[in-house]
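Undergrad: My structure is below; once you've seen it, I'll send some questions.
The values are calculated or read from the model by the stated rules, or taken from the named source; none is laboratory data. Given the structure is predicted, the values throughout are model-derived calculations rather than measurements. Cβ coordinates were reconstructed from backbone atoms using ideal geometry, including for glycine residues, and neighbour counts include every protein chain displayed. Note: areas computed on protein heavy atoms with side chains; ligands, DNA, RNA excluded. Shrake-Rupley method; radii C 1.70, N 1.55, O 1.52, S 1.80 Å.
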Amino acid sequence: MLVSVLLSSAQLLSQTTPLSATEQLKFVVIVSRHGVRSPTGKADQLNQYSSQPWPVWSVPPGYLTEHGFKLMTLFGAYDRELFIKQGLLSGEGCNDADHITILADSDQRTRETGKAIAAGLVPGCQVEVRALAEGTPDPLFHPLETDGIHLDKQRATAAIAGRIGNNPAGLVEAYRPQLEALEAVLRGTDVQGTGAAASPSPKASLFNLPSSLAPGKGDHLVDLRSPLGTAATISENLLLEYTEGMPHVGWGRVDANKLRELLQLHTASADLERRTLYIARIQSAPLLGHVLDSMEQAIAQKPLSGALGKPSDRLLILVGHDTNLTNIAGALDLSWLIDGRRDDTPPGGALVFELWQQGSASDYSVRAYYTAQTLDQMRNATPLSLANAPDRAPLFIPGCSKADASCSWDTFRPTVREAIDAATLR
């Protein structure tokens, strides 16, 4: 299996400018996760693992917060400045609004994130955020009900089993240091577990959770149960507390460095359940297909079946979930390092695909990168600009990237098509 390679800082800076004076940025696709939301689970489910109750949020479970909306508006304003510099947008009045399409999943958090991005990207202008009615599963972001996709749950289960030696219980030992660190936070002890509990011990320990692996039910390909999965949810909830700007994250026991350690549990769980190649290709195929068709439409400058938006668009923004990002990353074998965390997908993080044209010829290339605000930029709602940019990692796409991390269109298209075809009926 080929491994994605991160480029140097000097190469990273070069990604914001053309490789030559004749190169022009023609079209950009952004696949973004929604912004900071409240936890989706019920507090009672989590309180059994902690010696103190979890905090109460100001919005219903799974909703984008006011702080989260502000952060995505800041991200949109940064994209505006960047794209004007790159010549993709003009920055003149509301002219750019006619060349932008924003599609969001049907959840409140994704729809509101789309509105926030638009507010920063084209302030004072009207850009429709297209989405299905709330509660309606969108096959663009939730593909398992899409026609033409192989759904072999036995094979998906075998794919994960093959990565863990068919031993889900072994995940406890593989991540014992991080699990012990999380247990210490939950119980109110110090890192070594020798401090006094802040209150009576919790009812349950992560280490007592059973481990199992079986084919999934309904729209779940695989049912992987282990302490790692529960720890992944808990560590992400601590991330949400931190990025929301709550004053006492993890009851005052979690700072940025501790959070980076605990988030390894979340990325490890996501790696198994979403980046495993067979699963990643199945779950990303419809979305990747539309991304590819939309880029091809931008080249052809005429309507194409499967493309999203208009031939005249310069920017396509798809607002979904971390599952979509990790599925695409797994399907294309992409990796990144952002703010001291490898392959993490925090709120607002995005995969970006740029389509560049060489002069006036029909010669196109693609550059891809991953971008996200740092933990402290999110916590402090730091204004973003070219001088104070969000973190950014250029991506090497095995099978097509050259030394400068660009792919010719003639190699990018079949590379992505191969990943799509592996999951679809032909």
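Undergrad: Round to the nearest 10 and give me the degree value, 0 to 90, for the angle of helix 108-121's Cα axis relative to the longest principal axis of the chain.
TA: 50
Undergrad: Please give, to one decimal in nm, the separation of the simple spin-label points placed at R155 and D219, each 7 Å out from Cα toward the Cβ.
TA: 2.2
Undergrad: Another question about this same structure. Using a 7 Å offset from the Cα along the Cα-to-Cβ direction at both M246 and T382, what is the distance between the two label points in nm, to one decimal?
TA: Output for this residue pair reads 2.3 nm.
Undergrad: Once you list every other residue whose beta carbon is under 12 Å from the beta carbon of S360, what net charge do they have if Lys and Arg are +1 and Asp and Glu are -1?
TA: Working: positive: K26; negative: E23, D363.
Net charge around S360: -1.
Undergrad: In the chain, what percent of the accessible surface is made up of carbon and sulfur (1.4 Å probe, ligands and nucleic acids excluded)? Can you show the working numbers first?
TA: Working: 8960 of 17630 Å².
Carbon plus sulfur share of accessible area: 51 percent.
Undergrad: How much length is gained if the chain between E418 and E92 is pulled fully straight, taking 0.36 nm per residue apart and subtracting their Cα-Cα distance, in nm to one decimal?
TA: Details: separation 326, 0.36 × 326 = 117.36 nm, distance 4.00 nm.
Here the answer is 113.4 nm.
Undergrad: Still on this model: Given +1 on the Cβ of Lys and Arg, -1 on the Cβ of Asp and Glu, and no further charges, what dipole in debye does the range 267-340 carry about its Cα centre, rounded to the nearest 20?
TA: On the way: 6 positive and 8 negative charges, 54 e Å.
Around 260 debye, computed over the range 267-340.
Undergrad: Straight-line reach from K302: which lysines fall under 17 Å, measuring Cα to Cα and dropping same-chain residues less than 8 apart?
TA: Excluding near neighbours in sequence, the set is K26, K310.
Undergrad: A further question on this structure: What does the accessible area of L140 come to, in Å² to the nearest 10, when a probe of 1.4 Å is used?
TA: 20
Undergrad: Next up: Only loop residues by DSSP count here, and only those with at most 11 other Cβ atoms within 10 Å; note down the GluC sites (Glu not before Pro) in the range 60-142 that meet that.
TA: E92, E134
Undergrad: A follow-up question, please. In the range 276-426, if the dipole is taken from +1 on Lys/Arg beta carbons and -1 on Asp/Glu beta carbons about the Cα centre, which of H321, L334, P390 is farthest to the positive end?
TA: Sorting the options by dipole projection puts first H321.
Undergrad: Then there is this: Which residue, A184, F27, G309, has the largest displacement toward the positive end of the dipole of the chain when charges sit on each Cβ (Lys, Arg +1; Asp, Glu -1)?
TA: Going by the Cα projections, it comes out as A184.
Undergrad: Looking only at D391, D44, D79, which one moves most when the chain is put into a Gaussian network model with springs between Cα atoms under 10 Å?
TA: Among D391, D44, D79, the largest mean-square fluctuation in the Gaussian network model of the chain belongs to D44.
Undergrad: Taking the chain as the reference, fit the longest principal axis to its C-alpha atoms, fit the long axis of helix 277-300 to the helix C-alpha atoms, and give the angle between the two in degrees, 0 to 90, nearest 10.
TA: Once rounded, the angle reads 20 degrees.
Undergrad: For the chain, what is the calculated [θ] at 222 nm in deg cm²/dmol (nearest 500), taking -39500 (n - 2.57) for each run of four or more DSSP H residues and dividing by its residue count?
TA: Working: 13 runs with 161 residues, N = 426.
The per-residue figure over the chain is -12000 deg cm²/dmol.
Undergrad: Now, a different point. Are there trypsin sites (Lys or Arg not before Pro) in the range 308-413 that DSSP marks as loop and that have at most 14 other Cβ atoms within 10 Å, and which are they? Present the calculation step by step, with values, prior to reporting the outcome.
TA: Numbers: sites: R314, R341, R342, R367, R379, R392, K402; in loops: R314, K402.
The qualifying sites are K402.
Undergrad: Checking the table K70/K258; K153/K217; K70/K115; K42/K203 against a 18 Å threshold on Cα-Cα, which pairs fail?
TA: Numbers: K70/K258 25 Å; K153/K217 9 Å; K70/K115 11 Å; K42/K203 16 Å.
As for pairs spanning more than 18 Å Cα to Cα, those are K70/K258.
Undergrad: Taking 0.36 nm per residue of sequence separation and subtracting the Cα-Cα distance, how much length would be gained by fully extending the chain between A403 and F207, in nm to one decimal?
TA: Working: separation 196, 0.36 × 196 = 70.56 nm, distance 4.53 nm.
Full extension from A403 to F207 adds 66.0 nm.
Undergrad: I'd like the FRET efficiency for T40 and A361, computed as 1/(1 + (r/R0)^6) with the beta carbon distance as r and R0 of 41 Å, rounded to 0.05.
TA: Efficiency computed from Cβ-Cβ geometry: 0.25.
Undergrad: Can you give the accessible area per residue of the chain, in Å², using a 1.4 Å probe? Walk me through the numbers before you get to the answer.
TA: Working: 17630 Å² over 426 residues.
The answer is 41 Å² per residue.
Undergrad: Work out the length of the dipole vector of the range 299-404 about its Cα centre, built from +1 on the beta-carbon of each Lys and Arg and -1 on the beta-carbon of each Asp and Glu, and round it to the nearest 20 debye. Present the calculation step by step, with values, prior to reporting the outcome.
TA: On the way: 9 positive and 11 negative charges, 56 e Å.
The dipole of the range 299-404 has a size of about 260 debye.
Undergrad: Subtract the Cα-Cα distance of N167 and R130 from 0.36 nm times their separation in residues, and report this length gain in nm to one decimal.
TA: On the way: separation 37, 0.36 × 37 = 13.32 nm, distance 4.33 nm.
Result: 9.0 nm gained on full extension.
Undergrad: Can you compute the FRET efficiency between S312 and R342 using 1/(1 + (r/R0)^6), with r the Cβ-Cβ distance and R0 = 35 Å? Round to the nearest 0.05.
TA: Values: r = 38 Å, r/R0 = 1.09.
Once the sixth-power term is evaluated, E becomes 0.35.
Undergrad: Loop-only trypsin sites (Lys or Arg not before Pro) in the range 24-65, please: DSSP not H, G, I, E or B, and at most 16 other Cβ atoms within 10 Å.
TA: Working: sites: K26, R33, R37, K42; in loops: K42.
Taking the range 24-65 and a limit of 16 other Cβ atoms within 10 Å, the loop trypsin sites (Lys or Arg not before Pro) found are K42.
Undergrad: While we're looking at this one, here's another question. Evaluate the relative contact order of the chain (contact order divided by residue number), counting alpha-carbon pairs under 8 angstrom at least 6 apart; express in whole percent.
TA: Numbers: 834 pairs, mean separation 107.1, N = 426.
Relative contact order comes out at 25 percent.
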